[in-house]
1. Full-extension gain between I522 and A109, please, as 0.36 nm times their residue separation minus the C-alpha to C-alpha distance.
2. Residues with amide H under 5 Å of F270's amide H, sequence separation 5 or more or different chain, H placed in the peptide plane at 1.01 Å from N; which?
3. For the chain, what is the relative contact order in percent, using Cα pairs closer than 8 Å and at least 6 residues apart in sequence?
4. Need the list of lysines near K309 for cross-linking: C-alpha distance under 22 angstrom, and skip anything on the same chain fewer than eight residues off.
5. From the phi angles alone, apply the Karplus equation (6.51, -1.76, 1.60; θ = phi - 60°) to region 66-76 and give each ³J(HN,Hα) in whole Hz, x where the residue is Gly or Pro.
6. Rounded to the nearest 500, what is the 222 nm mean residue ellipticity of the chain from helices alone, with -39500 (n - 2.57) per DSSP H run of 4+ residues and division by all residues?
7. Scan region 111-148 for trypsin sites (Lys or Arg not before Pro) in coil per DSSP, keeping those whose Cβ has at most 11 other Cβ atoms within 10 Å, and list them by number.
8. Averaging sequence separations of C-alpha pairs under 8 Å and six or more residues apart, then dividing by the length of region 425-554, give the relative contact order as a whole percent.
Amino acid sequence: MNSNKLRTGLLFLITFFTLASYSQNYIYPLKLTPALSANFGELRNNHFHSGIDFKTQQVINKPVYTIDDGYISRISVSPGGYGLALYINHPTGHTSVYAHLNSFSKKIADYVKAKQYEYERFQLNLDLQPGEMPVKKGEQIALSGNTGGSGGPHLHFEIRETKSESPLNPLNFLSRIPDTQKPDLRGIAFYPVSGKGVVNGGDNPVRLTISKNSSGVPLALSRTIEAWGKIGVGVKTYDKMNGQENIYGVKNIRLYVDEEEVFSSSMNKFSFYKTRMLNSFIDFEDWRINDSFIMKSFVEPGNTLQLYKTVNNGYIDINEERDYRMRYELEDDYGNTLTYSFIVIGKKQLVPQPVDCNNYMGWNFNNSYIDVDFMLNIPAGNLYSDICYSHSKILMHNGLSNMHRIHNRPVPLHNGANIWIKITTDSIVNKQNYGIVKIGENGHKSWIGGTYENGGVETSINELGDKYMVAIDTIPPTIAPQSPESWVKNRRISIRLSDDLSGIAVFRGEIDGTFALFSHDIKSNIYTYLFDNERLPSNQPQELIFSVTDGVGNKSIYQYKFTY
């Protein structure tokens, strides 16, 4: 080895071990006994959980501390999503994230408030320079909360790779939480590949619930499984932790066939760009119909998640009349492992052949479907596997358009597809008031929106299998002041906003023509202003003007005079 290569190798090893040892010195962000309500990589609607959720004793306002030296690189304020959130870059090459906060420490809060008045808006996403706001390890930076898309008080915490912004499993970098509980097995599923495999005489998935004995040990499959040809297998499983009632995601899944490992997945890191590929990682149809998460132990061609090691992409070729001995190993973050063995009987049987397909769509092609009053375009890379597209419509003689069912079963799309629906009764002048709505099974309309194009409405969707039609929204939002006679006494203004269809898009409060900072949270339709002595003169008549606009431009204005 020459001297340059030797120096490079030594430098790499020194850097690696320095960062590895340094990162293990991270402290916990709360001074509470660590208890999790969710772990890394858990399965969520359209995404993997990108961090861990620390319990905060079911209350807000627990002090939050930075896990290491660094600087605040980003501050986010949003009514949804992460709510109030902080991002801190560390010398280790990691970024720590603290979300759903109730409030920031004073220096951060003052900075944020000044920016909100500078930009004249509540919602902010601020990027800071390295020397702008440094923090020390163990410094209090916030109080925990329940802001944004949070279902209860907790601290959402992440560790990301700063360069790529990819989330990493935080439990790989923090001291161990006591845990001796093995994962819990809930079900096994079998998937014949269309035209190439068969399970128990059919080409539909066979999903089985796994029962347990009185000691909690999983019992054998409830049905005999006979298969022939190419099949895939899936598993429904959760993890448990000592002293907690919650269920968690399982970090490592391994499938063996006759002692050969044919599939493994390990949840340590993923890319936000690929987080929607969770919909290929799971049995998406079962999730949409039965609200159940079965994880596939095979990889569809459009799924490029970096979680897997496979043989033949995890698919199993049943080509001998014999017992195929299969085994799952389910392992959590701390090595607790559940092993479950089962048998698939290889038995020759007729493999059902798919019917002729008039609308074949390949996962790696640009795909489209065109009718006289409907168009669908799915760009290449949005399907995870091939489909035979099915379209149906219901004539709506009293509606603005016909109702279109876009495919006959749920199919996920990675980024999305474009649809256009023709308006059959195009009678309004302001075309902005048109939009597309999704029709639920109970008839409920969810506004999707879109733009008027060539006598119809165009918009994007992110999955197939639902019904859509054109609707109109001409009703402005409703502004309902909450006890205005008490505003001055309580030193706060409260206003309730609602909209019947397209939703609140823009709001603004002004007092005597000057921007007034109203805050709000996605879980409530109350918008609140706290009287600010630094910006609001006292003992003077004031006039509040509050305006709100919905998703298609309908606008309402409320005015109120008071003396503060």
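1. Once the chain is fully extended between I522 and A109, it gains 146.6 nm.
2. Sorted by chain and number, the residues that satisfy this come to none at all.
3. Computed value for the chain: 10 percent relative contact order.
4. Cross-link targets: K230, K236, K251, K269, K274, K296.
5. 6, 7, 6, 4, x, 9, 6, 9, 7, 10, 10
6. About -2500 deg cm²/dmol.
7. Counting only loop positions with at most 11 other Cβ atoms within 10 Å, the trypsin sites (Lys or Arg not before Pro) in region 111-148 are K136.
8. The value is 23 percent.
We did not get these values from a lab; they are worked out from the coordinates using the rules stated. As the structure is a prediction and not an experimental result, all values here were calculated from the model. Cβ atoms come from the backbone with ideal geometry, glycine included; neighbour counts cover every protein chain shown.
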